[in-house]
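To start, the structure under review is shown below, and the notes come after it.
Only the coordinates and a few stated rules stand behind these numbers; no lab work does. The model shown is predicted, which means the values in this text are computed figures rather than measured ones. Cβ placement follows ideal geometry from the backbone for every residue including glycine, while neighbour counts extend to all protein chains displayed.
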Amino acid sequence: MANVQRKIPAPTPTPETEAFWKATADGTFLVRRCTACGKPHWYPRAICPFCMSDKTEWVESKGTGRIYSYSVMRRAAEPYAIAYVTLDEGTTMLTNLVQCDFDALKIGQAVKLVLMPTEGGPPVPCFTPA
Amino acid sequence: MTIKGKAYIAGAYEHPTRKAPDKSLAQLHAEVAIGALADAGLTKDDVDGYFCAGDAPGMGPLSMVDYLNLRVRHVDSTDVGGSSYLLHVAHAAEAIAAGKCRVALITLAGRPRSEGMATGTQPRAGNLAQPDVQFEYPYGVTVANAYAMVAMRHMHEFGTTSEQLAWIKVAASHHAQHNPHAMLRDVVTVADVVNSPMVADPLHRLDCCVISDGGGALLVVAPEVAKSLKRPLVKVIGAGEAPKGQLGGAVDLTYSGARYSGAAAFAEAGVKPSDIKYASIYDSFTITVLMQLEDLGFCAKGEGGKFVADGNLISGVGKLPFNTDGGGLCNNHPANRGGITKVIEAVRQLRGEAHPAVQVRNCDVALAHGTGGLLGTRHGSATLIMERE
């Protein structure tokens, strides 16, 4: 738990993702879902990557999931854990695992959302063991 | 329509430098072009097609065509990272088959070592219009940790071990000892690899390739041109390409684009993995090799760890001699893009011009495969099969 948290660079929103980043600033984590085929996807797009429909919408995520894979970057001033987390909604996202013992992480482990502050931008969705 | 037999690799040249602080990037591209032309016995005026990727300075091919003062009728600067140059060979063969050019020059060069790039361990923001950047750069994606997540999942899913991955480096080092230009010529052991410092779990320092300056060039030519020259005939018989990404969030790190590019190349060539006498397999990291060997069909999915163990990739020892120049792991990874050196060593093997200590006997069919970009996020995959005629 003694890890010093690395400073997280701010994400740069595009017109397609402004609502997503405004939501994280308000404490909410959204995923994008297609109303035509019903599937959620990641990263969020206006156009569904499965059926190319433009009938996509924001839905609030439960913010829970499991670690699909991860790696602790040791060759860094402040080591950090990069990961893919599969959300309970069924889509898998790139993220960081934070506020945890890096040596105790395991694939398949249940995790929950933590919105982590960034340097001068909206917070980014990260995860910590549930 | 096929490219099988429609083009030959008549010139291949690897720059001997591994550190070039005194040369410009354009100059390195020009030096490798000279080397490949001399190897083939052709001149600048014979070149009517030019291929390069993102390592070339300037807009696509324009600056290098101008620097070299080429008069070409076909250009292609498709950039799929380190796999670009294998794809360029295939695209050159297509262009030759379609009559768009007869002598295609492909160049790669770079000087990341002189420029002091923290190539594999530094997050890079890239172009902010790239749709994935805002969802990845904040998290510190680097080359090393993106590949490391693939290794971590492979270990979880199939029980692959660090010791098995280490055998890939061990095999490369056995070959590099015979290459006077290789950056790392000392033979290493499995223990050396697993005891080297951890970079990104589970990849150690010795699981990673070298960072080198340098470059290479190839000449892909029409059959009648190849047959007019004095070099052994190396024929392109099959190729495949396949980008792969995160599949809209249905992420699956257990396979790479090689599953598709390899199948396409084998089908076109009409050969099987068991026909391949020598394989150049992209080795940015040990895990890159393991994944590609499985996806290309040299062993079943999940069996890569057992396949590479106990020296099976060492020439003269194992069943599948790989990267007999020492590969990116020990010899050279110019411009952080190892695709061209993969083709060059395969050409040496098919010509019988590899170092005698690593030359594969009766090497009549060889494969070269490249993975460009990041295996763990999005990557290009290109497979090439060549035959000695």
Excluding residues fewer than 8 positions from B:LYS301 in its own chain, the aspartates and glutamates with Cα under 12 Å of it are B:GLU157
At the level of C-alpha centres, the distance separating the range B:202-253 and the range A:32-79, in angstrom, is 32
Of B:LEU42, B:LEU247, B:LEU313, the most mobile residue in a GNM of chain B (C-alpha springs, cutoff 10 Å) is B:LEU247
Taking r as the C-beta separation of B:SER24 and B:ASP132 and R0 as 25 Å, the FRET efficiency to the nearest 0.05 is 0.15
Partner shielding of A:93-102, taken as the mean number of other chain Cβ atoms within 10 Å, equals 3
Simple spin-label estimate for B:ALA264/A:GLN5, 7 Å along Cα→Cβ, in nm, reads 4.5
For the pair B:GLU157 and B:ASP310, the simple spin-label estimate (label points 7 Å beyond Cα toward Cβ) gives in nm 2.6
Full extension between B:ALA118 and B:THR43 adds, at 0.36 nm per residue less the Cα distance, a length in nm of 23.2 nm
Once the dipole of the range A:18-95 is set up from charges on Cβ (+1 Lys and Arg, -1 Asp and Glu), the residue from the list A:TRP58, A:PRO40, A:ALA77 lying farthest towards its positive end is A:ALA77
Taking trypsin sites (Lys or Arg not before Pro) as exposed when in a DSSP loop with at most 13 other Cβ atoms inside 10 Å, chain A has its longest clean stretch at A:8-54
Filtering GluC sites (Glu not before Pro) in the range B:1-106 by DSSP loop and by at most 13 other Cβ atoms within 10 Å leaves none
Counting lysine pairs in the range A:18-129 that sit 8 or more positions apart or on different chains, with Cα atoms under 21 Å apart, gives 6
Expressed in angstrom and rounded, the centroid-to-centroid distance over alpha carbons for the range B:310-389 and the range A:83-121 is 38
Expected integer from the mean partner chain Cβ neighbour count at 10 Å over B:144-157 is 5
Restricting to aspartates and glutamates and to Cα separations under 12 Å from B:LYS244, and discarding same-chain partners fewer than 8 apart, the set is B:ASP252
Among B:LYS44/B:LYS227; B:LYS227/B:LYS342; B:LYS272/B:LYS319, the pairs whose Cα-Cα distance exceeds 22 Å are B:LYS227/B:LYS342
Ranked from fewest to most other Cβ atoms within 10 Å of their own Cβ, A:PHE29, A:PHE127 fall in the order A:PHE29, A:PHE127
For A:GLU119 and A:GLU16, extending 7 Å from Cα along the Cα-Cβ vector and measuring point to point gives, in nm, a value of 2.6
